1. Scan segment 188-209 for residues that are in a helix (DSSP H, G or I) and open to solvent by 50 Å² or more (accessible area, probe 1.4 Å) and jot them down.
2. Restricting to segment 224-280, name every residue that is within 30 Å of Q160 (Cα to Cα), part of a loop (DSSP other than H, G, I, E, B) and not hydrophobic (A, V, I, L, M, F, W, C).
3. Within segment 226-244, how many residues are touching a Lys or Arg at 6+ places or on another chain (Cβ under 8 Å), surrounded by 13 or more Cβ atoms within 10 Å (Cβ to Cβ) and not charged (D, E, K, R)?
4. Do the conditions hold for D222, that is, is it in contact with a Lys or Arg (Cβ under 8 Å, 6 or more places away or on another chain), charged (D, E, K, R) and surrounded by 17 or more Cβ atoms within 10 Å (Cβ to Cβ)?
5. From the set of residues in segment 296-314 that are open to solvent by less than 70 Å² (accessible area, probe 1.4 Å) and in contact (Cβ under 8 Å) with a residue 12 or more places away in the chain, which is farthest from T252 (Cα to Cα)?
6. Scan segment 156-201 for residues that are over 30 Å from E94 (Cβ atoms) and small (G, A, S) and report the count.
Amino acid sequence: MEHSTSLPDNTFFPECWSDDRRMGVLLAEFRPRQLNTVSYDTKMEFWKNLILSYCRTTGSCVVSISMLKERFRRKGTVPYCLHTVFGDMLSKGELCNEQQLNTNKSTSGPLGLNLWAVGKMFKAPLQWGYGVVRDTVLGQSNVNENDHFIALQIAQVHAQLIEEIVAERKLNGKVIKYDDFITLISETSLITRQGLHPVVALLQQNNRLTRDAVTIDGAKIDLIKFADRNASTAEHITHIEKSVYELEETETQLMKDINLIEHKITQTMDQVREYIKDGRKQMAKTHLKKKNMLEKNMQNKISALETLQIIISKIHNCQTDKNVIEAYKLGTKSLKKVFEDAGITLDQVDETLAEMKEVLEQNDEMAAMIGTVSNNGDMDELELEQELSDLLDMKLAENNIESNNITHPPTVSVNNTNDFDKEIEKRLAALRVGKTDVTKILDVGM
C-alpha cells in the first residue's frame, strides 16, 4: 500500500487507497449524478467517510479544501472532487463555517428561542434548497479552497469527550482560566488547539458553558465555566465569581512573591558569609541591610496574604451558609407539605389529645369499679372458717373415743395419735395464715 509521505499518520486511509484503478476514479471530478446514481452516491460516501476519519485521527474538526488536497495527495495527484463533496456536506448541514458557530447566541426572541437556533431551523434549510436548485441549473457553486469549515459530527464527538473530562476532574460549575482549560484538554485527549476552539464555540451555542473575562494588572484573562452535571444550561459567570477569581489569583501571586523573597534572602545571607570569610566587613554589612529590607517586605506580604486568605475563606463560608439556609427552607417547605397532605393541624392534635385523656380517665374509673369486692364475701369466709373448725373438733373427739375402746400395741396407738395431732396442728396453722388457704385445707380434710 502506497501512502502519501506528507502525512504524519496514514491510518485513516481505506484499503482501496493502494488500488490505482479504483483511486483514479475516486480522485477524478464527479460525473453528473443522473448518469449513474449508485456510483455517484458511493463515491460521495467514500469521501465523506475519509474526511471524518481524517478529522478523528488528527484531533481537529477544522478542514478546508486546500488542506485536504495536500493531505489526500496520492502519487502527485490531488482529489479534484472535493468542491462537490464540500458543497454536498454544506447543503446537508454536515459542515458549517466558523462564522456560524461564532455568531452571538445571546440574542433571543420573544418566545425564548435564540436567533441562531431559529436560523438553523428555518433559514438554513431554505438556503440549502435554493443551493440545490441553483447547482442544478447553473452548475456546482465554487467554494473557496482556503475557507475553514467545521465537521459537525466530529465537533459533537469532541464536545462529549470534553464534558466527560470536565466531569471526571469535577470542574462543573467552577470558574477556570481558559488557558488552563486548553492545557488540560491537550494533556488528556488528542484534540488539538486548533480543533478545540470550534468545539468550545459549539458547547457555548448549546448553553453547556459560558465565557467571560477579567482584567488583572492590565492583562485580560479569559474565563470559562461549564454547566453543572445535572443542569441543562450553564449559568453566567457572576460578579462574585469573577471577584473571587481575582482574589485567588492575587493570593497565588503573593505566594510566588514570598517564595521569591525567601530565595533572595537565602542568596543574600550566602553572600554575607562569603564577605565575612574574605574579611570584607563593609560589604557584609551592606548585604545584611538588604536582607533586613527583604525580610520586612516579606513580612508585609505575609500579612497581606493572611488577610486575603481570611477574606476568601469568609466568602466561601458565606456560600456554604447560603446552601445551608436553602436546605433549611427546602426542609421546612417539605415538612409543611407533609402536614398539609396528611391533614394534620394544631387544633386536631389538641382535640385528639383531650379525647385520649378523657378515655384514659374513664378506663381508670371502670377498672377501679371492677376491682371492688363486696363485704359479704368477707363474712362468708369467716363463717366457713368457723364451720371447718367445728368439724375438726368433732373429728378429734371421735378419734379419741375410738382409740380408747380398741386395744392396739402401745407403739402403734401412740404413733397414730401423734400423727393425728400433728395433722390437726397443721390444719389449724393453715387456718390462721389467711383466707386464701381455706380451700386447700378443705381439700386435705376431705
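The values are calculated or read from the model by the stated rules, or taken from the named source; none is laboratory data. Remember, it's a predicted structure, so these values are computed and weren't measured experimentally. Every residue, glycine among them, receives a Cβ derived from its backbone with ideal geometry; neighbour counts consider all protein chains shown. What goes into the accessible areas is simple: the full protein's heavy atoms, side chains included, and nothing from ligands, DNA or RNA. Shrake-Rupley method; radii C 1.70, N 1.55, O 1.52, S 1.80 Å.
1. As a first pass, look at segment 188-209 and keep what is in a helix (DSSP H, G or I): 188, 193-205.
Of everything in segment 188-209, those that are in a helix (DSSP H, G or I) and open to solvent by 50 Å² or more (accessible area, probe 1.4 Å) turn out to be T188, R193, Q194, H197, Q204.
2. D228, R229, N230, S232, T233, E235, H236, T238
3. Total meeting the criteria: 4.
4. On the way: in contact with a Lys or Arg (Cβ under 8 Å, 6 or more places away or on another chain): yes; charged (D, E, K, R): yes; surrounded by 17 or more Cβ atoms within 10 Å (Cβ to Cβ): no.
For D222, the condition - in contact with a Lys or Arg (Cβ under 8 Å, 6 or more places away or on another chain), charged (D, E, K, R) and surrounded by 17 or more Cβ atoms within 10 Å (Cβ to Cβ) - is not met.
5. Let us first name the residues in segment 296-314 that are open to solvent by less than 70 Å² (accessible area, probe 1.4 Å), namely 297-298, 301-305, 308, 312-313.
Adding the requirement that they be in contact (Cβ under 8 Å) with a residue 12 or more places away in the chain leaves 297-298, 301-302, 304-305, 308, 312.
Numbers: N297: 17, M298: 15, K301: 12, I302: 12, A304: 12, L305: 9, L308: 11, I312: 12 Å.
Selected residue: N297.
6. 1
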